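Presented below is the structure to which this report refers.
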Amino acid sequence: MRFKLCLSTLLLSTTIAFGQTNPTIMTINGQPVSRSEFEYSYNKNNTEGVIDKKSAEEYVDLFINYKLKVQSALDAHLDTLSSFKKEFLSYRNQQIRPTFITDADVEAEARRLYRESKQQVESNGGMWQCAHILIGLYQNAEKEEADVAKHLADSIYNALRGGADFAELAKKYSTDVNSAKDGGTLLHIQKGQTVPEFEKALFALKTGEISTPVLSPFGYHIIKMIGPEDFPTYDTLRPNIMQYIEMRGLREQLIDNKLDSIVTSEGKAITQEQVLDRKLASLEEQDINMKYLIREYYDGLLMIEMSNREVWEKASKDEKALEAYFRKHKKQYKWTEPRFKGIAYHVKTKEDVEAVKACIKDVPFKQWAEKLRDKFNADNTIRIRVEKGIFRKGDNTLIDNEVFGEKKTVKPVNGYPIDAVFGKKIKAPESMDDVRDLVVTNYQEELEKNWIEALRKKYKVVVDKKVLSTVNKH
């Protein structure tokens, strides 16, 4: 009895200890977050190369904010959108599908392709090695050109009959530059692979014989039969076969075949999608990093879409809100030094200097580029070169000289010898457009801050500080 009691106590103690190996570090909206999930995110975002490396305690708020955004996306049912499902399943498949086959499966496919290729070549009469000297001739060549080519080919043939070295003459005279550097040698010739004129002459030769000049659509060939060639070994061709497998997507075909085989073996009571889901569950059970990698992508897609709706899209498209934000915070956009709002431009004639000014004199600044393009650079004729913007001292050499009184050498623009500027010096932004990028960034930051504050009020967050203190220390 005492033995049973001690055993049951031991088992209970073991169970409790095991249950605490991955304790809950926090709850968000009642949903538990394990220490291992927090550690995965923390360690991934705080590697040695990170500039702003944080402690676990400092990282907590960033992690919570991320999770709150994901929770708000789930509450908005963004996970039910077809676009979300399609993108997530695509990523899931990239991670899971390759696990259905092994390197041995790919190797077996490569050997099958090798055997088929070898059998096809052997059934077609095998492979032959030969060499040729090509005297190139266009099909529509004049008679004089054709006579010259024929005379040269005949002369080379006569030289070969007199004992000249084939390889040396190929290097010197052949217009087939690829084979010429190898003495005219052509490898792996099969029946049906070359033009009929070449093939007929080649297979009429015995090993070591040289043909008279043969005319083909490419010119005159002098062909040397070297002899039959053994099909290359598997090891020799393996790199090319593997490259072929990747280029033709045969690896994916192997995976599809394996999935079809699984579905068929189970009596088609399961779909490929269910097989993939089952495989994912199995891999996540075996490898916790895989589980969190998939979860990270799932949550990340939701967070990005929700952030786009709540922050990024609003900040970039809500013109009234941007204007209101700019007016409210206008003082923070003052400059310490005046700037030049206008253009630096380069023209070909003196008349165009004044014509540019007249073109945009009473036009809103944001429309200047379009007006100048329509008037001066239409119909593929470029009359002016223009740089438009709000310039600080040091941004543009020409403006430094003409506006800020600097004495710098202006690099001439080739073909546009006359330099000019047009615009005005301003002490502070005149409109929101003058500092649009900065206003958008600042407005995004405000929207983000307000959104986080609202999420913090909406969802209850509880952090177990004792568990937090054990991060990466257990």
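Since every read-out is calculated from the coordinates, none of them should be taken as a lab result. Only a predicted model underlies this, so the values are computations on that prediction, with no experimental measurement involved. Note that we place each Cβ from the backbone using ideal geometry, even for glycine, and neighbour counts take in every protein chain shown.
Scanning residues 5 or more positions from Met26 or on other chains, those with amide H under 5 Å from its amide H are Val33, Asp464, with H placed 1.01 Å from N in the peptide plane. If the segment from Glu351 to Thr102 were pulled out straight at 0.36 nm per residue, it would be longer than the present Cα-Cα gap by 82.3 nm. Our estimate of slack between Lys85 and Arg309, defined as 0.36 nm per intervening residue step minus the Cα-Cα distance, is 78.9 nm. Here the Karplus relation 6.51 cos²θ - 1.76 cosθ + 1.60, evaluated at θ = phi - 60°, turns the backbone of segment 324-334 into coupling constants of 5, 5, 4, 4, 5, 10, 4, 4, 6, 9, 5 Hz, with x for every Gly and Pro. Site pair Lys460 and Val410 shows an inter-label distance of 7.0 nm when each label is modelled 7 Å from Cα along Cα→Cβ. Qualifying GluC sites (Glu not before Pro) in segment 409-447, where qualification requires a DSSP coil assignment and no more than 15 other C-beta atoms within 10 Å, comprise Glu430. Per-residue ellipticity at 222 nm, computed for the chain from helices alone with -39500 (n - 2.57) per DSSP H run of at least four residues, works out to -17000 deg cm²/dmol. The calculated FRET efficiency for Asn158 paired with Phe203, based on their beta-carbon distance and R0 = 22 Å, is about 0.40. So what's the projected area for the chain, the Cα convex hull averaged over all directions, in nm²? Result: 46.1 nm². For Ala167 and Glu387, what does the FRET efficiency come to when R0 = 60 Å and r is the distance between their Cβ atoms, rounded to the nearest 0.05? The pair Ala167/Glu387 has a calculated efficiency of 0.50. Calculated FRET efficiency, Lys366 to Asn29, Cβ-Cβ distance, R0 = 41 Å: about 0.35 to the nearest 0.05. For the listed residue pairs Lys44/Lys330; Lys328/Lys361; Lys69/Lys427; Lys53/Lys393, the alpha carbons are over 32 angstrom apart in Lys44/Lys330; Lys69/Lys427; Lys53/Lys393. The relative contact order of segment 335-427 comes to 52 percent, based on Cα pairs under 8 Å that sit 6 or more residues apart. The modelled label-to-label distance for the pair Arg112/Val50, using points 7 Å beyond Cα in the direction of Cβ, is 4.6 nm. Between Gln332 and Leu468, the modelled labels are 2.8 nm apart [label points 7 Å from Cα along Cα→Cβ]. Computed extension length for Arg295-Tyr244: 14.9 nm, one decimal, from 0.36 nm per residue of separation with the Cα-Cα distance subtracted.
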